[in-house]
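Here's the structure we're looking at; comments come further down.
The values are calculated or read from the model by the stated rules, or taken from the named source; none is laboratory data. As the structure is a prediction and not an experimental result, all values here were calculated from the model. Note that each Cβ is placed from the backbone with ideal geometry, even for glycine, and that neighbours are counted across all protein chains shown.
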């Protein structure tokens, strides 16, 4: 159960910033005993991978704080963040990757489920973030971009740390995300009905 909370927290964090949970997992696995990645995910602690993740994190942190560029970055990240969420969930929940030689057996084994869950969680968070960012940029003429981006980065770090150290704290976040999703769904249905 806690493995699922850990994976979920890391995937949610990846929806805010793709690189923070992956870099955090790699660094914690390489330099501490807090995280022991399964052999199939050990590549995350490779020095070159960590350097690339750090460079990508630096690039995203700068791009995400500049109005208009942040919206372009969100479009690009629509593929990256869910992918990172799948990787983070899979690694955080100690899932094993497999070489797929028999697709039917792979589907039946369920090895794809944790990665798919991570993709969905990260995509939901990313879509919400990207939509809110457009509204924030429009209503403040872009002046809110650096503040909102910094809050998202702090949120991604907080979720990543909580997912690893206190995964039980991720459960209320998941419940809150579910409540928000239901409220948004109802709001959309009401607006469509009113039109």
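The table below lists the values:
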| read-out | value |
| --- | --- |
| Check on residue 170, surrounded by fewer than 12 Cβ atoms within 10 Å (Cβ to Cβ) and under 19 Å from the mean Cα position of the chain (by Cα) | no |
| Residues that are buried (at least 24 other Cβ atoms within 10 Å of the Cβ) and in a helix (DSSP H, G or I), drawn from segment 1-18 | 6, 7, 8, 9, 10, 11, 12, 13, 14, 15, 16 |
| Per-region count, segment 139-164, residues over 17 Å from the mean Cα position of the chain (by Cα) and either more than 23 Å from residue 21 (Cα to Cα) or at pLDDT below 90 (or both) | 7 |
| Test for residue 16: is it over 18 Å from residue 86 (Cα atoms) and touching a residue at least 60 places away in the same chain (Cβ under 8 Å) | no |
| For residue 67: the one exception among (1) closer than 23 Å to residue 131 by Cβ; (2) touching a helix residue (DSSP H, G or I) at 6+ places or on another chain (Cβ under 7 Å); (3) at pLDDT 90 or above | (3) |
| Some residue of segment 127-142 being crowded, with 18+ Cβ neighbours inside 10 Å and more than 20 Å from residue 11 (Cβ to Cβ) | yes |
| Which listed residue, of 78, 83, is at pLDDT 90 or above, surrounded by fewer than 16 Cβ atoms within 10 Å (Cβ to Cβ) and assigned to a helix (DSSP H, G or I) | 78 |
| Meets criteria (out of contact with any strand residue (DSSP E or B) (no Cβ under 6 Å at 6 or more places or on another chain), modelled with pLDDT under 90 and not in a loop (DSSP other than H, G, I, E, B)) for residue 51 | no |
| Verdict on residue 97 being under 19 Å from residue 117 (Cβ atoms), buried (at least 24 other Cβ atoms within 10 Å of the Cβ) and at pLDDT below 90 | no |
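The rows are residues; the columns are (1) outside any loop (DSSP other than H, G, I, E, B); (2) farther than 18 Å from residue 149 by Cα.
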residue: 25; (1), (2): yes, yes
residue: 35; (1), (2): no, yes
residue: 60; (1), (2): yes, no
residue: 88; (1), (2): yes, yes
